[in-house]
Amino acid sequence: MLLKCWAETYCKQYNTDICNTDCVGYNQLKFLYRTSNIPKRYQYLQHLELHNLDKDKQKKLEEIKGNIKEYVDEGKGLMLISQNKGNGKTSWACILMNAYFKEVALKNNLRVRGKFVSVPEFLQNLKDDFDRDEKEMEKFKKHIKQADLVIWDDIGAEMPTKWAKEVLYNYINYRISNNLSQIYTSNKEVDQLEEMLGERIYSRMKGQSLGMRFASPDIRKEGK
């Protein structure tokens, strides 16, 4: 029996006599998560009930989740925005990536499919050359360009410099030009996000993505 498996919530063979570490799905999922950079707290997440104020978004997100492979294959994107923190934006971005991993794992053949990018952390790591492993950073940047799906988490968290805007533009534009799917989360309102990132970046994000504005307060504080 496996002590922990990424597929334990949906695999019919989990915890049966044939469940073991030689399982193709187990090893492919393990690879997908190891290379994804998804924070551990989100790696097993399959569902999250949103606040009543966002039930319309919940319905649409469930619909996307049910067709996630087609959504990603078509290069579609999402913008999940709200000034309020803790109302499910990052959680749902990761739920969708988890659902995509579930769809592609068995035929993955050790290919990086998804990458979670904390935008403030990524930009800081690029700037702090002396603090980073150059080989690992080059691999990370390569994966951002190659992965089927990238989550840009907390984009616009702070006013980016001209250099930072150019970095983001190059990656985002490359992915859009190559029909690669992206999910953006932000605690800024639309007008603030456009002002901070600039029209060149924002117009590309908006052109690729379905926008969803979460209206609910911090559901973590409400204990939900």
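No value in this document is a laboratory result; all are computed from the given coordinates. All values reported here derive from a predicted model rather than from experimental measurement. Note that each Cβ is placed from the backbone with ideal geometry, even for glycine, and that neighbours are counted across all protein chains shown.
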**Asked** Does any residue in region 188-200 that is under 12 Å from Ile155 (Cβ atoms) come within less than 8 Å, Cβ to Cβ, of a residue that is hydrophobic (A, V, I, L, M, F, W, C) and in a helix (DSSP H, G or I) six or more places away or on a different chain, and which pairs are these?
**Response** Lys188/Met196; Leu197/Leu168; Leu197/Met205
**Message:** Here's a check for you: in region 30-60, which residue that is within 22 Å of Glu136 (Cβ to Cβ) and aliphatic (A, V, I, L, M) is farthest from the chain's Cα centre (by Cα)?
**Reply:** Leu32
**Among (1) hydrophobic (A, V, I, L, M, F, W, C); (2) within 21 Å of Ala147 (Cα to Cα); (3) touching a helix residue (DSSP H, G or I) at 6+ places or on another chain (Cβ under 8 Å) - the single one Ile81 does not satisfy** = (2)
